[in-house]
Every structure is written in C-alpha cells, then in structure tokens.
Amino acid sequence: MTRRILVVDDDREIVRLARTYLEQSDYEVLTAYDGETALHILRRERPDLVLLDLMMPGRNGWDVTRVVRGDAALAAMPIIMLTARVEDHDRIVGLELGADDYVTKPFNPREVVARVRAVLRRVQGESLPPKVIQVGEVILDLDAHRVKVAGQPVHLTPTEFALLRALAEYPGRALTRLELIEEGLGYSYEGLERTVDSHVKNLRRKLDEVGEAAHLIETVFGVGYRLAAGYQLAAGDNA
C-alpha cells in the first residue's frame, strides 16, 4: 500500500523539491503551505507521516505539533520537522513537543527521503513473532505496537516506543545515548545525542501520567539510561 506523506512549508520551492523526491520514491504526497491548512488535511486525510516546517507565519510548526500530540486521534502521527534554525534549544523544544526527527535546511532531498523511510519503518515495526515485554505494570506489545500501564493505554510517538523497546530488550544494562539511537532508531542519526534526553523526558511523563512508572527508566550519570530491575518477558499477543 502506498504511504502518504503530508509536506508542510510556506516556501513553495521546498514543497516542490520534497514532493518530487518523495514521489520518485513511490510515496503519495499531500501538500500545505500553512499550519491551519495542514491541520485540516491531517484530520481529514490521516496521512502516514507529516514533514513539517518549523517557522511559518500564523500557526507555526510548534503549534501544529502541540495540537497533533494533544489530539487522541492524531497523537501517534509521525512528525519530522524541517527547520532553518540551528540553535540546539529550538531542536530540543521541537523534540520535547513530540517530533520524531528533524532535518535542518538547506537539506539534501535524498536525506529527507531516508529519514521518512526510517521513521515509517519504526511505525511499521519488524516482522517478528508476537512478543510482549512486561516490566512491573508496564506492558509493551511489540507486535501490536502498543503500550499499557496498569491496564491503561499509553499513546507514544514512534520514537518514544522505539526507545522504550530498546531499553526493554537490554534490561538492567546502561545504554549510552548513541546506543539508544542505534538500537532504538535503527539508523545513523546526525543530530545531537543529547536530544535523546528530550524523548526520554516525554516518555517518563507519559508513563507516569497513567501510573507510577516513570522511575522504571533510570538515569545513569555520565553514561545514559537503563531499564530498572524487575524485568519479565512473556511470549504471547495479549496486552
């Protein structure tokens, strides 16, 4: 099935360039030139991923991301931000709002396609036997791409799910930020390793909102993160 990508940018040349390369890679491309139109398309068309410009007049990329992550029907939508701003703070704010990745302008359109493929692979998941990882009250269903805490569903972004899975597959082991990027995201990440902290912060908050689970991800100072002790692995497909 052809994947649909929404490209949002007020620069029509950037939209044209991204659309050309994505269509050459067999994606169907939807376009918008402002944040308000992008939200209408997201709600109506439900694309598989949105490539979102950060700086737009009116409703900018931060606003759109905030609305998407706050809407239960759209919360799992993968978002890759396009930004001409190179300040670390701007990138981290975008990631803390729930963006899965970002690309800095000017960009190589082939890199954009590679990032889109990588994020979509994380959403789709690997073709693995059904497996459930249980850590205390947290149940991570790898096959269904679903997380529950004390029976309550937790809506994670694809990146948050991938990082939680990476931690769960190496219980008790401290993973560096680079290892989390490689194990969880599955491709070479050219951004700052410290952006992992933003994703982990969001992950802890979401786990804690539905149960006392934030403590399961421990900070190992000077190294990275590890999953707390008490790990259990169950085979099956009921989460």
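The values are calculated or read from the model by the stated rules, or taken from the named source; none is laboratory data. Every value quoted in this text rests on a predicted model; they were computed, and no experiment measured them. FYI the Cβ positions are ideal-geometry reconstructions off the backbone, even for glycines, and counts take in every protein chain you see. For accessibility, only protein heavy atoms count, side chains too; no ligands or nucleic acids. Shrake-Rupley method; radii C 1.70, N 1.55, O 1.52, S 1.80 Å.
Annotations
- Test: LEU42 is part of a helix (DSSP H, G or I), in contact (Cβ under 8 Å) with a residue 12 or more places away in the chain and farther than 18 Å from THR104 by Cβ: yes
- Candidates are the residues of region 141-167 that are open to solvent by 20 Å² or more (accessible area, probe 1.4 Å) and small (Gly, Ala, Ser); the one that is farthest from ARG205 (Cα to Cα) is ALA144.
- Taken over region 1-27, the residue count meeting the criterion of being among the charged types (D, E, K, R), more than 18 Å from MET81 (Cβ to Cβ) and in contact (Cβ under 8 Å) with a residue 12 or more places away in the chain is 4.
- Hits in region 78-98 - residues which are at pLDDT 85 or above and either within 20 Å of MET55 (Cβ to Cβ) or in a helix (DSSP H, G or I) (or both): ILE79, ILE80, MET81, LEU82
- Search result, residues across region 45-70 that are over 20 Å from ILE14 (Cα atoms), assigned to a helix (DSSP H, G or I) and open to solvent by 10 Å² or more (accessible area, probe 1.4 Å): GLU45, ASP63, ARG66, VAL67, ARG69, GLY70
- Where ILE181 falls short, out of the listed (1) closer than 23 Å to GLY136 by Cβ; (2) within 21 Å of the chain's Cα centre (by Cα); (3) modelled with pLDDT of 65 or more; (4) surrounded by 13 or more Cβ atoms within 10 Å (Cβ to Cβ): (1)
- Index of the failed condition, MET55 passing every other in (1) modelled with pLDDT under 90; (2) within 23 Å of ALA162 (Cβ to Cβ): (2)
- Reported count of residues in region 1-36, each being β-branched (Val, Ile, Thr), in contact with a Lys or Arg (Cβ under 9 Å, 6 or more places away or on another chain) and at pLDDT 95 or above, is 4.
- LEU30 under 30 Å from ASP143 (Cβ atoms), open to solvent by less than 20 Å² (accessible area, probe 1.4 Å) and touching a residue at least 24 places away in the same chain (Cβ under 8 Å): no
- Taken across region 108-125, residues that are at pLDDT below 85 and either crowded, with 19+ Cβ neighbours inside 10 Å or more than 15 Å from the chain's Cα centre (by Cα) (or both) do occur, with at least one present.
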